[in-house]
Every structure is written in C-alpha cells, then in structure tokens.
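Asks: Could you have a look at this structure, given as structure tokens, before my questions?
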Amino acid sequence: MNNQKQQKPTLTGQRFKTRKRDEKERFDPTQFQESIVQGLNQTGADLEAVAKFLDASGAKLDYRRYAETLFDILVAGGMLAPGGTLSDDLTRTEFCLFTAQEDLETMQAYAQVFNKLIRRYKYLEKGFEEEIKKLLLFLKGFTESERNKLAMLTGILLGNGHLSAAILSSLFNENLVKEGVSAAFAVKLFKSWINEKDINSVAGSLRKVGMDNRLMELFPANKRSCEHFSKYFTDAGLKELSDFARNQQSIGARKELQKELQEQMSRGDPFKDIITYVKEEMKKTNISEQTMIGIVWTSVMSSVEWNKKEELVTEQAIKHLKQYSPLLKAFSSQGLSELTLLLKIQEYCYDNIHFMKAFQKIVVLLYKADVLSEEAILKWYTDSHVSKGKSVFLEQMKKFVEWLKNAEEESESETEEGD
C-alpha cells in the first residue's frame, strides 16, 4: 500500500468571474441625466404625464444612486454646479420648476409631482430634504423668479409634511442673510406654507425642530430685533408670523426672568432689590403685571421642597407664603392681577394634590397680608373661578365669603348711618 499522500490535481488557465455586486460601479450621472431629460422633453408641460414617467422610470433607473441629479433636473432642468449655476457640458430640459409659471397653482401642481415620486420611492425622502437644503444655500445663484418659485414650492411641501422645518437652517447662512436674500425668500415661503395650513400648524412644525426661537436669524445682527422682524413681515402681509415671533420672544423673556428671579430668591437677595430688578425687566420686555404675578407665584412655590404629608404641607405653605407676601403684593396692585393670582393658586392646589385642603388658608393669609382684596375674592367666588377643583374650593371658601359679604354690608350700613 502506497503511504505517500496523493497530489491533488490542479486546474490551470481557469478564469473566475467576479460577482456583479462586488464590482465598484463608477459614478457617472451622464447617462442617467440623458434618460431623465429625454423623458421630460417627451412629456413636456403635462405634469400628470411627468409623474407617470418618473414612476415608471424608477424601476429601470438608479434613483437611489443618482437622487441629487434627479432632483437637480426636476428643479433646474439640469445638473447644478456649486453655487447654483447649470453645468454647461451636459444635456438639459426646458421642462422644470424654474421654467414653469410663477403662480401658486402651478407650484401646487409641481408639489404633487414630488409628493407622488417620494411616496412611490420612500428612500428618496432623505435625499430630497438634502437637495432642498443645498438649493437654499445656492439661492444667490438663482434669479428672483426662480427663488420665488422655489420658496412657494418649499412652503407647500412643508405644509403637506414632505419636508421638515429643519431645512430652514440653510437660510441662516451669513451671506444670504447679509444681502437680504433669506428674509425675502422667507416671505414667499411662509405665505405659501400658511396658505396650505395655518399659523398654529406652522408654529407646531417650527417648535418640533427648535426653529421657533431662531426666526430672528433671518436678519443681520444689527437688525435682529422683534420690532424690525415685526415691521418687515407685517408690511409683507404676514402679521400672523410677526405676532407669533413676538409671542415667542415674550415666552423666552419670561423664562429668563423666572430663572433669574429664582436665583435671586435662592441667594436670599432683599425683596426691595428683587422688586426693582423685576419692574425694570417688565418695562424692557413689555410684560404686564397680570403675567408677572403668575411668574412670581410659580417662582415662590418652586423655591422650596414641599413636605409630602398633607397635614404638614399646609402649615409649611402658610409659613413660606407669609415670608414672601411682600413680593406677591408688589405685583398685584390691579384687580386683574389679583384675579390672576387667585386662579394660579386654584390651579396649583388642584394640580398638587397635597395642597387641596390648603386653598382656603392660603387665600385668607394673602387677604390678611393685603395681597388679595375682598372684591377680587368675591369676584373669583361668584364667576371667575375655573373648573379645576371648583366644588371643593368653593365649599372651602363658603364661610369666609359669607363673612366678607356680611362685613361689607355692615360697612355700608355704618357709612349710611354716618351720612
């Protein structure tokens, strides 16, 4: 028996084919562009036919690989070079967004083309958002008419949810802002967006991505004020946007003021200094006393860690509020401010269940401290309370209100006798 290991036969001259997926395909959008341009030239201005052509072509052409080229052609008619100019050496079409009529109806029809395309090929969604961000950065390279069309289209697509408001960050580009391009573009964009939805929907979308507090950045630093923003957009017919921005700034100012107020209280600053500071800030930011008393109440109540036991928290609250009553008194000089405070107390006691039984004692304390007047308490009791815990709190206040009414009647009769 031959113990030597037999040599395995070898094949020579054999050629192995690499799998197609292992080959690195060269990025060459030329052929893709020619196919899209040819199809668009055949369909012409018939946007229904365009949508059908794009739907069918996705099965044959590599939309995933050439998404940017596809969107460049649909918007500008050909591939865009950096800066927004059309590449000279490539085929282009006259049937695109930039050559369409500049009116809202036509832009809505174009928006439908993009909507259908992205619904059919969901993977294009991210690429389309990136394309819009890029186009916004290229605004200076487009004509005014092209910018207007793009603004209207973008507003419509934001309205129907096919774009995130995060794309607006491109408008904060320093060069675009400096030359006024961003603000002018924003006017057209917000008009078409609000036309699709309403200001509340727009506000919700802006808040979702943290854009609600950045709208001032559409203007250069030296014009970045609420007054300038308000005048610019009100003059452009967008008062609702101006009001929204003003409200946002006011909310921001209130948050900052509350934060500073809490810090001053935690440091134990004298009430006189705190009151002076707050009144100066109220003037600067145009905050009303009714709004301010709510901020002061919230700050006072959040400056202490409350006992979790219901029987102990009332005593703790009375002691705490007695200490801070001069601060509350300083911002409740008007009847409306007193009513606002009463409603804040009602809501607080309802929302914090350990305080449910403390309501009447808090009101009586603030009455004795001259923070709340009998007129305000009676007004609250009669018709100005809210529904939160209404039956419980009205029952708690019943005897005190009766006492107030009797005291008032006695006072009136004494006055009559004196006369």
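The values are calculated or read from the model by the stated rules, or taken from the named source; none is laboratory data. Computed from a prediction, not measured in an experiment: that's the story for all the values here. Please note: Cβ atoms are built from the backbone with ideal geometry, for glycine as well, and neighbour counts cover all protein chains shown. These accessible areas exclude ligands, DNA and RNA; they are computed on the full protein's heavy atoms, side chains included. Shrake-Rupley method; radii C 1.70, N 1.55, O 1.52, S 1.80 Å.
Asks: Where residues in region 188-217 are open to solvent by less than 20 Å² (accessible area, probe 1.4 Å) and of a type in the set (A, V, I, L, M), which of them is farthest from His162 (Cα to Cα)?
Replies: Leu215
Asks: Another question, then. Quick one: in region 156-213, which of the residues that are polar (S, T, N, Q) and part of a loop (DSSP other than H, G, I, E, B) is farthest from Asn115 (Cα to Cα)? Lay out the reasoning, then the answer.
Replies: Initial filter on region 156-213 (polar (S, T, N, Q)): 160, 164, 169-170, 173, 175, 182, 192, 195, 200-201, 205, 213.
Next, from what is left, pick out any that are part of a loop (DSSP other than H, G, I, E, B): 160, 164, 173, 213.
Details: Asn160: 9, Ser164: 14, Asn173: 27, Asn213: 29 Å.
Result: Asn213.
Asks: Now a separate question. Exactly one of these conditions fails for Met356: (1) free of Cβ contacts under 8 Å to residues at least 12 places away in the same chain; (2) touching a Cys at 6+ places or on another chain (Cβ under 7 Å). Give me its number.
Replies: (1)
Asks: Right, something else. Does region 111-155 hold any residues that are open to solvent by 30 Å² or more (accessible area, probe 1.4 Å) and closer than 16 Å to Asn195 by Cβ, and which are they?
Replies: Within region 111-155, just Gln112 meets the criteria.
Condition check ((1) free of Cβ contacts under 8 Å to residues at least 24 places away in the same chain; (2) in contact with a Ser or Thr (Cβ under 9 Å, 6 or more places away or on another chain); (3) under 30 Å from Asp46 (Cβ atoms); (4) hydroxyl-bearing (Ser, Thr, Tyr)) across all residues:
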position	(1), (2), (3), (4)
Lys116	no, no, yes, no
Phe128	no, no, yes, no
Leu139	no, yes, yes, no
Gly159	no, yes, yes, no
Ser164	no, yes, no, yes
Ser169	no, no, no, yes
Phe185	no, yes, yes, no
Ala203	no, no, no, no
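Asks: Please work out which residue is modelled with the lowest pLDDT, limiting yourself to region 218-239 and to residues that are open to solvent by less than 70 Å² (accessible area, probe 1.4 Å) and assigned to a helix (DSSP H, G or I). Explain how you work it out, then say what you get.
Replies: Let us first name the residues in region 218-239 that are open to solvent by less than 70 Å² (accessible area, probe 1.4 Å), namely 218-220, 225-226, 228-230, 233-234, 236-238.
From what's left, assigned to a helix (DSSP H, G or I): 218, 226, 228-230, 233-234.
Numbers: Leu218: 96, Cys226: 85, His228: 93, Phe229: 93, Ser230: 92, Phe233: 95, Thr234: 95.
Once the filter is applied, the top-ranked residue is Cys226.
Asks: Kindly establish whether Lys405 is of a type outside the set (S, T, N, Q), on the phi < 0 side of the Ramachandran plot, open to solvent by 10 Å² or more (accessible area, probe 1.4 Å) and modelled with pLDDT of 95 or more.
Replies: Working: of a type outside the set (S, T, N, Q): yes; on the phi < 0 side of the Ramachandran plot: yes; open to solvent by 10 Å² or more (accessible area, probe 1.4 Å): yes; modelled with pLDDT of 95 or more: no.
So Lys405 does not fit the description; no.
Asks: So which of Leu365, Leu312, Leu341 is under 26 Å from Arg267 (Cα atoms), open to solvent by less than 20 Å² (accessible area, probe 1.4 Å) and either assigned to a helix (DSSP H, G or I) or aliphatic (A, V, I, L, M) (or both)?
Replies: On the way: Leu365 fails: open to solvent by less than 20 Å² (accessible area, probe 1.4 Å); Leu312 fails: open to solvent by less than 20 Å² (accessible area, probe 1.4 Å).
Step by step, each of Leu365, Leu312, Leu341 is checked, and only Leu341 is under 26 Å from Arg267 (Cα atoms), open to solvent by less than 20 Å² (accessible area, probe 1.4 Å) and either assigned to a helix (DSSP H, G or I) or aliphatic (A, V, I, L, M) (or both).
Asks: Here's a follow-up. Look through region 13-55, keep the residues that are at pLDDT 55 or above and part of a loop (DSSP other than H, G, I, E, B), and return whichever of them is nearest to Gln101 (Cα to Cα).
Replies: Taking region 13-55 and keeping what is at pLDDT 55 or above, we get 26-55.
Adding the requirement that they be part of a loop (DSSP other than H, G, I, E, B) leaves 26-28, 44-46.
Details: Arg26: 37, Phe27: 34, Asp28: 32, Gly44: 14, Ala45: 11, Asp46: 13 Å.
For region 13-55, the residue satisfying everything is Ala45.
Asks: For region 368-389, how many residues meet the condition of being surrounded by 18 or more Cβ atoms within 10 Å (Cβ to Cβ) and assigned to a helix (DSSP H, G or I)? I'd like the intermediate steps shown before the answer.
Replies: Step one: of region 368-389, the residues surrounded by 18 or more Cβ atoms within 10 Å (Cβ to Cβ) are 371-372, 376-377, 380-381, 385, 389.
Remaining after also requiring assigned to a helix (DSSP H, G or I): 376-377, 380-381.
Qualifying residue count, region 368-389: 4.
Asks: Would you mind finding the one in Arg246, Arg254 that is out of contact with any strand residue (DSSP E or B) (no Cβ under 7 Å at 6 or more places or on another chain), open to solvent by 30 Å² or more (accessible area, probe 1.4 Å), under 30 Å from Asn195 (Cβ atoms) and in a helix (DSSP H, G or I)? Spell out the reasoning first.
Replies: Working: Arg254 fails: under 30 Å from Asn195 (Cβ atoms).
Among Arg246, Arg254, only Arg246 is out of contact with any strand residue (DSSP E or B) (no Cβ under 7 Å at 6 or more places or on another chain), open to solvent by 30 Å² or more (accessible area, probe 1.4 Å), under 30 Å from Asn195 (Cβ atoms) and in a helix (DSSP H, G or I).
Asks: A follow-up question, please. If you scan region 347-362, which residues turn out to be open to solvent by 10 Å² or more (accessible area, probe 1.4 Å) and in a helix (DSSP H, G or I)? It would help to see each step written out before you state the result.
Replies: Kept after step one, since they are open to solvent by 10 Å² or more (accessible area, probe 1.4 Å), are these residues of region 347-362: 347-348, 350-354, 356-357, 360-361.
Passing the criteria: Glu347, Tyr348, Tyr350, Asp351, Ile353, His354, Met356, Lys357, Gln360, Lys361.
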